[in-house]
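Asks: Right, I'll just put the structure down here and ask away after.
What follows draws every value from the coordinates through simple rules; no lab data is involved. All of these numbers come straight from a predicted model, not from anything done at the bench.
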Amino acid sequence: MRAWMLPAGSDGFDKLYMEERPDPVPGPGEVLIRMAAWSINYRDFAVAAGKYFGGALKAPAIPLSDGAGEVVAVGAGVTRFKQGDRVQSSFFTHWEEGPPRMSPALGDGTAPGVLAELVVLPESGVVPMARSLDYAQAACLPCAGVTAWNALYEGPRALVPGNRVLVLGSGGVSMLALQLARAGGCEVIATSSSDEKLARIREFGAAHTVNYKAVPEWGSFVGRELGGVDKVVEVGGAGTAEQSMAALRTQGEVAFIGVLSPEGGPNPRALMMTGGSLRGIFVGSAAMARRLNAAIDANCIEPLIGARFGFDQAKEAYAHAWGPDSFAKTVIELA
């Protein structure tokens, strides 16, 4: 089989190379998947640059956590999947349900990566696809989709119809959050530095948009001028968290994902004024993925794909996802 690899000590996605490897065989409790599509997340750039948790890769590794395909074989003891099932990966291989369980995370060098033609995963790290989606759409969900779902509908302050939500930027998590919030009867406000992207975001259902370069104090603007929000999907981090807190209504929540702008030191005093809360989000469980997929089927949601590339074009896909033209999800497909 063919697999894309990152070398030990990789310091950037330009180090990607393709390698012929033996076809894997599923062992007890494992599922063999013929992959059909993959998507790129922001954390994949951190892994390639050697800046993810744990530092630089200690050995060559297959990258990416997000993919979808067809089961071609199962190992002894597997009961939930059979040959021919359409499935997607689960970000944490052993967090099936319940409170956070920081088990190995796919594509980080310590757990399997999925950017290969054939992948073996533990049964606990596989989720049935939403019935209404194709492989490319399903590949958008294991990290970004589950993160958005967790931020909006899990935890003590799950969204209810009529709530207001703020999403930051036009990346995969934010655009999936917009779609999920709108399906749940909520109003969405979005930020970006690009008026062109803001126009596109409005086309997909945002009620209000704010250019954060034109309005540097965008958090206060949302909170005071636009009436505030009940939930912020905070993908920025320490550099934007204080503004997100300022955007909250009374007893709102900042769902803190926080990877794009990790520097800075937010002052949480704004939470005192609103009785707001800050809840940490690190993707989610396989059970959350199943609930997300059920919601997608029930509401006919189609994840937004901004660009598609062939398997041989993985480097070009990374470059696009990293560049200024990136919007929503960048997908790699097997021809």
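Asks: Residue-wise, which Karplus ³J(HN,Hα) couplings in Hz belong to the range 108-117, taking 6.51 cos²θ - 1.76 cosθ + 1.60, θ = phi - 60°, and x for glycine or proline?
Replies: These are the phi-based 3J(HN,Hα) values: 9, x, 9, 10, x, x, 10, 7, 8, 5 Hz.
Asks: Could you give log10 I(q)/I(0) at q = 0.19, 0.22 Å⁻¹ for the range 89-152, computed by the Debye formula over C-alpha point scatterers of equal weight, without solvent?
Replies: Computed log10 I(q)/I(0) values: -0.78, -1.05.
Asks: What number in nm² do you get for the range 155-280 if you take the convex hull of its Cα atoms and divide its surface by four?
Replies: Hull-based average projected area comes out at 6.8 nm².
Asks: Now a separate question. Find, to one decimal place in angstroms, the Kirkwood hydrodynamic radius of the range 273-319, where the mean of 1/r is taken over every pair of different Cα atoms and then inverted.
Replies: Values: mean 1/r = 0.0683 Å⁻¹.
Evaluated on the range 273-319, it is 14.6 Å.
Asks: Take the range 73-188, compute every pairwise Cα distance, and split them into 5 Å bins from 0; I just need the percent in each bin.
Replies: Per 5 Å bin, starting at 0, the Cα pair percentages come out as 2, 10, 17, 20, 19, 15, 8, 5, 2, 0.
Asks: Over the chain, what is the mean sequence separation of C-alpha contacts under 8 Å (at least six apart), divided by residue count, expressed as relative contact order in percent? Mind dumping the intermediate values first?
Replies: Working: 849 pairs, mean separation 58.3, N = 335.
So the answer I get is 17 percent.
Asks: For the chain: lysine pairs with Cα atoms under 21 Å, gap of 8 or more or different chains, count?
Replies: 7
Asks: Please give the length that would be gained between residue 224 and residue 46 if that part of the chain were fully extended, namely 0.36 nm times their separation in residues minus their C-alpha to C-alpha distance (nm, one decimal). Could the numbers behind the result be given before it?
Replies: Numbers: separation 178, 0.36 × 178 = 64.08 nm, distance 3.55 nm.
Result: 60.5 nm gained on full extension.
Asks: Can you grab the distance from the C-alpha centre of the range 59-105 to the C-alpha centre of the range 181-207, Å, no decimals?
Replies: 32
Asks: Find the Cα radius of gyration of the chain, compare it with 2.2 N^0.38 Å by division, and give the number to two decimals.
Replies: Cα-based Rg divided by the globular estimate yields 0.97.
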